[in-house]
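Notes follow the structure.
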Amino acid sequence: MPNDSSRDRMSLNPESQERGGRGVRVIVTGQVGLDKRPFLEQVVELAMDNGREVSLFNVGERMSAEAPDIVSERILDLPRQRLTALRRSVFKDILQKASTGANVIVNTHATFRWKHGLFHAYDHHQIAEFDADLYVTLVDDVDAVHERLQREHEIDHTLKDILVWREEEIVVTQAMAEAIAGYGRALVLSRGNPSINAQSLYRLMFEPQRKRVYPSFPMTHVLDLPDVLKEIEGFREVLAKHFITFDPGDLDEKRLLFDAGEATKRGRDRVEVEVNGRSVTLAVSDITLVAKDIDAQIYARDFKLIEQSDMIVSYIPVLPDGRPAISSGVERELQHAFECTKEVYVIWRGGGEPSPFVTETATRVFSSLPELLSYCTDRGYIAG
């Protein structure tokens, strides 16, 4: 009997949907400052390149278009009743389009936090009628969101605010999905590395038979080893070529904590970071204030990415002194994947034999990436 994941995949099969007159329906949420539209337009273009049409509805823009008398940046200052009426009007158009069998992506927020507090940004009955196949929350690095907010929005905020808003979007979107569709349809996807992650969203929509993979690899203690980093980057690229990947390395907020630490050692109270092609100055005190939040969200998010994957593939390279570059974080990821009954694969490039903390959780251990790919091809995970 198929499990929940299998049922979700069957419901997302494009051929069966076309026979039933239903296209693929996706709701994409995410906090202010993400600039989701260009990312989603890449997904639409990918679909077009593959002979599929996808209609993208940007709810905020359409609400502003229906209220030309309102300054768009101040639309949340409207009375709640009018704001709700605008949103419902826009969503009626979305429902009508979806009823024609079109493939539809809805770009919206799950929540709003404004002067009068936090409130949800959707109508439950309309969302239930839309009945999305996927509920995806896009996320990005805190400094990337901060830079866009400074450049494009007049919104007072702190780094702490950005982290809180992101968490609210993830939690409320998951609650929305579970209330309407049950467990398994709410996903978190990074906006970073847009070419690969736009491809991942396209594949989630139209190639759901592809395996979902969490790439696991050491990060912190190989930062000063360019050859090892290049090896790991090649591993990540190969997995992204063949699978739907939820790559933890696409968000890199831990570097802010390292940068703040180095600045403190040098007696500086500011950090210069390059983000979105621009230089941004952050106060060391602001970064230090959210250090625990960043670590906590990394921990929770990476576990969520593992839970929404079918399997984890962990790459353990060799350090210059011949030791395996395995970290406590990688071991914890392997253990979590094992406890979630995922397929657990390890590519052990390190010297000596893997420890029991690896072998006792691994479905199988390989000596090289080509060996893993051959195994996956034999099992039908990769088209030969």
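Let me confirm something: among 316, 326, 294, 312, which residue is among the β-branched types (Val, Ile, Thr), in the same structural domain as residue 343 (by TED's automatic domain parsing), under 19 Å from the mean Cα position of the chain (by Cα) and buried (at least 17 other Cβ atoms within 10 Å of the Cβ)?
When all the criteria are applied, what remains is 312.
For the range 327-355, which positions are in a helix (DSSP H, G or I) and out of contact with any Pro (no Cβ under 9 Å at 6 or more places or on another chain)? Let's see the steps before the verdict.
Quick first cut of the range 327-355, residues in a helix (DSSP H, G or I) only: 328-339.
Residues satisfying the conditions are 328, 331, 332, 334, 335, 336, 337, 338, 339.
Can you tell which of 47, 98 is small (Gly, Ala, Ser), under 18 Å from residue 125 (Cα atoms), modelled with pLDDT of 90 or more and crowded, with 17+ Cβ neighbours inside 10 Å?
None of the others qualify; the one that does is 98.
Would you pick out the residues in the range 147-156 that are under 21 Å from residue 75 (Cα atoms), touching a residue at least 24 places away in the same chain (Cβ under 8 Å) and not polar (S, T, N, Q)?
Residues satisfying the conditions are 148, 149, 151, 152, 153, 154, 155.
Restricting the search to the range 142-184, which residues are basic (Lys, Arg) and under 26 Å from residue 236 (Cβ atoms)?
First pass over the range 142-184, keeping only residues basic (Lys, Arg): 148, 151, 160, 166.
148, 166 - these are the residues of the range 142-184 that are basic (Lys, Arg) and under 26 Å from residue 236 (Cβ atoms).
A quick yes/no check of all residues on (1) among the basic types (Lys, Arg); (2) more than 19 Å from residue 333 (Cα to Cα); (3) not assigned by TED's automatic domain parsing to the domain that holds residue 46:
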{"residue": "217", "(1), (2), (3)": "no, no, yes"}
{"residue": "222", "(1), (2), (3)": "no, no, yes"}
{"residue": "237", "(1), (2), (3)": "no, yes, yes"}
{"residue": "254", "(1), (2), (3)": "yes, no, yes"}
{"residue": "259", "(1), (2), (3)": "no, yes, yes"}
{"residue": "264", "(1), (2), (3)": "no, yes, yes"}
{"residue": "269", "(1), (2), (3)": "no, yes, yes"}
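Results for (1) more than 25 Å from residue 189 (Cα to Cα); (2) outside any strand (DSSP E or B); (3) among the β-branched types (Val, Ile, Thr), shown as yes or no for each residue.
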| residue | (1), (2), (3) |
| --- | --- |
| 227 | yes, yes, no |
| 231 | no, yes, no |
| 234 | no, yes, no |
| 237 | no, yes, no |
| 240 | no, yes, no |
| 252 | no, yes, no |
| 255 | no, yes, no |
| 264 | yes, yes, yes |
| 272 | yes, no, no |
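Can you find, within the range 111-120, the residue that is surrounded by the most Cβ atoms within 10 Å (Cβ to Cβ) among those that are of a type outside the set (A, V, I, L, M, F, W, C), modelled with pLDDT under 85 and on the phi < 0 side of the Ramachandran plot?
My answer is 113.
Before we move on, is residue 381 among the hydroxyl-bearing types (Ser, Thr, Tyr), under 29 Å from residue 224 (Cβ atoms) and either touching a residue at least 40 places away in the same chain (Cβ under 8 Å) or touching a Gly at 6+ places or on another chain (Cβ under 6 Å) (or both)? It would help to see each step written out before you state the result.
On the way: among the hydroxyl-bearing types (Ser, Thr, Tyr): yes; under 29 Å from residue 224 (Cβ atoms): no; either touching a residue at least 40 places away in the same chain (Cβ under 8 Å) or touching a Gly at 6+ places or on another chain (Cβ under 6 Å) (or both): yes.
In short, no.
Please go through (1) farther than 26 Å from residue 244 by Cβ; (2) not in a loop (DSSP other than H, G, I, E, B) for residue 155 and return the number of the only condition it doesn't satisfy.
(2)
Of everything in the range 338-384, what is out of contact with any strand residue (DSSP E or B) (no Cβ under 8 Å at 6 or more places or on another chain) and of a type in the set (Gly, Ala, Ser)? Give them in sequence order.
355, 374, 380, 383, 384
On the basis of being over 27 Å from residue 27 (Cα atoms), part of a loop (DSSP other than H, G, I, E, B) and touching a residue at least 24 places away in the same chain (Cβ under 8 Å), does residue 218 make the cut?
When the stated conditions are applied, residue 218 passes them.
Got at least one residue in the range 155-178 being closer than 26 Å to residue 51 by Cα and assigned by TED's automatic domain parsing to the domain that holds residue 24?
No, the range 155-178 contains no residue that is closer than 26 Å to residue 51 by Cα and assigned by TED's automatic domain parsing to the domain that holds residue 24.
Residue 108 versus (1) buried (at least 20 other Cβ atoms within 10 Å of the Cβ); (2) polar (S, T, N, Q); (3) in contact with an Asp or Glu (Cβ under 9 Å, 6 or more places away or on another chain): which is the lone unmet condition?
Looking at each condition in turn, residue 108 falls short on (3).
The values are calculated or read from the model by the stated rules, or taken from the named source; none is laboratory data. Since we're looking at a predicted model, the values are computed, not measured. Note that each Cβ is placed from the backbone with ideal geometry, even for glycine, and that neighbours are counted across all protein chains shown.
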